[in-house]
Amino acid sequence: MKDMNEGYVQNLAPQFFMPELPLMQSFGGCPQQVQERIEAASPILWVDPSSAANRLRSAIEALMDHEGIPRRWSTNGKKYDINLHKRIERFKKEKKDFAKVADLLLAVKWIGNVGSHGSVIRIHDVLDAIEILDRVIQQLYDTSAAMTEKKAEDIIARKGMPASHITELPPPPF
């Protein structure tokens, strides 16, 4: 490295973090199996982004399990596996209110597929998948907005009085 006055600057790139950096700040009411798989991607992200992407794909499998989308079906006594893509399509069909969530899940699945099949995947790609998966979890399991709205309704009903000072709320005047 030359002196900075000569025009050279040393750039450092992290290769490992101990303890690992969390990939998400909040999981809301996210199922434990999904959360564990996402957290399993964190310690390996910087050393093996493809494996981290694969773990995110596994998180989607766990999410589909939690949402009741089967992994197998049977007909005439034969059992057939349902691939993740078909499971996400079924989720989209059965849970029409979450059609956009299904599209987000497909994006993460594709990144996970690339990581699973030995192709080179960049850390940036995995971080994109995390950002998308974070949005999925917010839409499916985060109840903080509803809880905040409920708190506001309670405060309005109490007319700002602390809840500990009110034994019974009077009926509304209308």
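Checking Glu20 against (1) of a type outside the set (A, V, I, L, M); (2) touching a residue at least 60 places away in the same chain (Cβ under 8 Å); (3) outside any helix (DSSP H, G or I); (4) touching a helix residue (DSSP H, G or I) at 6+ places or on another chain (Cβ under 6 Å), which single condition isn't satisfied?
Unmet condition: (2).
So which residues in the stretch 101-159 are basic (Lys, Arg) and within 27 Å of Glu89 (Cβ to Cβ), if there are any at all? If you could, list the steps in order and put the result at the bottom.
To start, the set of residues in the stretch 101-159 that are basic (Lys, Arg) comprises 109, 122, 135, 150-151, 158-159.
Correct list: Lys109, Arg135.
Select, from Gln10, Gln32, Gln25, the only residue that is closer than 26 Å to Arg87 by Cα and without any contact (Cβ under 8 Å) to a residue 12 or more places away in the chain.
On the way: Gln10 fails: closer than 26 Å to Arg87 by Cα; Gln25 fails: closer than 26 Å to Arg87 by Cα.
None of the other options fit; the residue is Gln32.
Coordinate-derived values only; no laboratory data. As the structure is a prediction and not an experimental result, all values here were calculated from the model. Virtual Cβ from ideal backbone geometry, glycine too; neighbours counted across all protein chains shown.
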